[in-house]
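Take a look at the structure set out below.
The values are calculated or read from the model by the stated rules, or taken from the named source; none is laboratory data. What you are looking at is a predicted structure, and each value in this text was computed from that prediction instead of being measured. Counting neighbours? That spans all protein chains shown, and the Cβs are built from the backbone with ideal geometry, glycine included.
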Amino acid sequence: MQVNWREITHARNSFAALYAACEGEGFRLRPVKAPESDVTCYSLNSLNAPHLRAEIASAPCTTIVGGPHATACPLETVAYADYVVVGEGEWTLPRLLHALEAGEAGEIPGVASRKEGLRPPDHTVYLPAYPPFTHFKGYLEISRGCPFGCAYCQTPRIFGHRMRHRPVDEIARAATAFRDARFVTPNALAYGSDGVHLRLDKVEKLFQALHKNRIYFGTFPSEVRPECISEEALDLITTYCANRRLHFGAQSGSDRVLKALRRGHTVEDVEQALDLCRDHDLLPVVDFIVGLPCDEDEDEVATLSLIREVARNGKPHVHRFIPLPGTPMARTEPRPLLLETQQALGQLALAGRITGSWDDPERRFFRNHSDVLS
Ligand code: SF4
């Protein structure tokens, strides 16, 4: 049975991980630019899903769809796909492929189909059992799951609230494929911990094991949380790592909004993190979300003020709120920005002081339409 993988921008890391998992079960996923026989797999997020829906519906082959959008909306997705893999795919996708090959894809945990409906997953993936990649390289995924429950975020809804970590020696083995080591994790400084009580001793062991690599830690795609930024953490980063930037999320300049979002930190935590970055000569790159439905005028003004403060010595990264399916904010609407905010963000952007897209959410991910599908 030939199994294909539809090449999709922003799903390359999923492809690398699932290629490795399926290869171990005797299936080599072949990258394709259009669906082909016998089976074609897709990974959809909420921005590319509308662009690929018609292609999947008319595909001349069996289609399997996973990813954050399919996980959040399995029954909507299975209306146009043959099978939906819900949640993590390393175990479920090969199990489904074996069943299809045997002609008996009946009720499989973690799979939705039009005939069988949705069977909930029966496991979480044990990370040490799967390499992060084999033939097709991806980032080094060091941790999964997040104990926080930010109301706009899909991560804990897909991977659960309990952090799981890949062992140091396996990360070091995978890192031999690169000179630069870059990581995937919901919070890099939480490596080895439960996500709340940090284990910086384990972070240091990871750094020591990667002594042959140039380490980029706490930069895209492995940001950190602001309250995790401490003297000790930054001493470790500046001692062992090559990055001179640190990327973390502030999201709002209003404590009322941070509480409503269930962020689990305060504006003061963000300000302390900014001071610590300055003391350690690290450029702070700080995420903000504007247009939040829970913003009142004064919250938006407070966020703009914090954006200006960050812009003095760092880089604010500003994005418009997107109501993602599967999250508590899925059915909310972005709030229109105050004229004053639009003008101020525009001026900061023209001066090269901020990046991001606070106008059109799709621009956050795609340079142009063809990027969605390439
Ligand atoms: S935004 Fe970050 S900290 Fe919050 S739930 Fe998502 S991954 Fe966790």
TODO: Name the single residue, out of those in segment 274-289 being within 16 Å of the ligand (Cβ to nearest atom) and touching a Lys or Arg at 6+ places or on another chain (Cβ under 9 Å), that is farthest from Leu189 (Cα to Cα).
DONE: Ile289
TODO: State which residue is nearest to Val84 (Cα to Cα) when the search covers only segment 21-51 and only residues that are of a type in the set (Asp, Glu) and surrounded by 15 or more Cβ atoms within 10 Å (Cβ to Cβ).
DONE: Glu36
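Output the helices (runs of 4 or more DSSP H) that fall wholly within segment 268-374 and possess 3 or more residues being surrounded by fewer than 18 Cβ atoms within 10 Å (Cβ to Cβ), modelled with pLDDT of 95 or more and not assigned by TED's automatic domain parsing to the domain that holds Lys33, or say none.
On the way: elements: 297-313, 339-350, 369-373.
In segment 268-374, the matching helices (runs of 4 or more DSSP H) lie at 297-313, 339-350.
Evaluate the following for Glu268: is it more than 26 Å from Asp297 (Cα to Cα) and either within 16 Å of the ligand (Cβ to nearest atom) or not β-branched (Val, Ile, Thr) (or both)?
Working: more than 26 Å from Asp297 (Cα to Cα): no; either within 16 Å of the ligand (Cβ to nearest atom) or not β-branched (Val, Ile, Thr) (or both): yes.
Criteria not met by Glu268.
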- [ ] Determine if segment 115-133 includes at least one residue that is in a helix (DSSP H, G or I), touching a strand residue (DSSP E or B) at 6+ places or on another chain (Cβ under 7 Å) and either more than 14 Å from the ligand (Cβ to nearest atom) or at pLDDT 95 or above (or both).
- [x] yes
- [ ] Go through (1) assigned to a loop (DSSP other than H, G, I, E, B); (2) of a type in the set (A, V, I, L, M); (3) modelled with pLDDT of 95 or more and name the single condition Leu47 misses.
- [x] (3)
- [ ] Would you check which residues across segment 134-153 are within 15 Å of the ligand (Cβ to nearest atom) and crowded, with 20+ Cβ neighbours inside 10 Å and list them?
- [x] Glu141, Ile142, Ser143, Arg144, Gly145, Cys146, Cys150, Tyr152, Cys153
TODO: Give the number of residues within segment 157-167 that are in contact (Cβ under 8 Å) with a residue 60 or more places away in the chain and touching a helix residue (DSSP H, G or I) at 6+ places or on another chain (Cβ under 9 Å).
DONE: 2
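Residues are listed down the side, and each one gets a yes or a no for (1) within 14 Å of the ligand (Cβ to nearest atom); (2) without any contact (Cβ under 8 Å) to a residue 12 or more places away in the chain; (3) touching a Gly at 6+ places or on another chain (Cβ under 9 Å); (4) assigned by TED's automatic domain parsing to the domain that holds Phe288:
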| position | (1), (2), (3), (4) |
| --- | --- |
| Asp169 | no, no, no, no |
| Asp180 | no, no, no, no |
| Gly192 | no, no, no, no |
| Leu206 | no, no, yes, no |
| Arg225 | yes, no, yes, no |
| Asp235 | no, no, no, no |
| Ser252 | yes, no, no, no |
| Arg263 | yes, no, yes, no |
TODO: Just give me the residues in segment 158-167 being buried (at least 20 other Cβ atoms within 10 Å of the Cβ) and within 14 Å of the ligand (Cβ to nearest atom), in sequence order.
DONE: Phe159, Met163
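Considering only residues of segment 1-20 that are within 22 Å of the chain's Cα centre (by Cα) and assigned to a loop (DSSP other than H, G, I, E, B), which is surrounded by the most Cβ atoms within 10 Å (Cβ to Cβ)?
If we filter segment 1-20 for residues that are within 22 Å of the chain's Cα centre (by Cα), which is where we start, we get 5-20.
Those left that are additionally assigned to a loop (DSSP other than H, G, I, E, B): 7-11.
Details: Glu7: 15, Ile8: 23, Thr9: 14, His10: 15, Ala11: 21.
Ranking the candidates gives Ile8 first.
Each row is one residue, and each column tells you yes or no for (1) in contact with a strand residue (DSSP E or B) (Cβ under 7 Å, 6 or more places away or on another chain); (2) surrounded by fewer than 24 Cβ atoms within 10 Å (Cβ to Cβ); (3) on the phi < 0 side of the Ramachandran plot.
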position	(1), (2), (3)
Ala188	yes, no, yes
Tyr191	yes, no, yes
His211	no, yes, yes
Phe217	yes, no, yes
Phe220	yes, yes, yes
Asp235	no, yes, yes
Ala242	yes, yes, yes
Leu246	yes, no, yes
Ala250	yes, no, yes
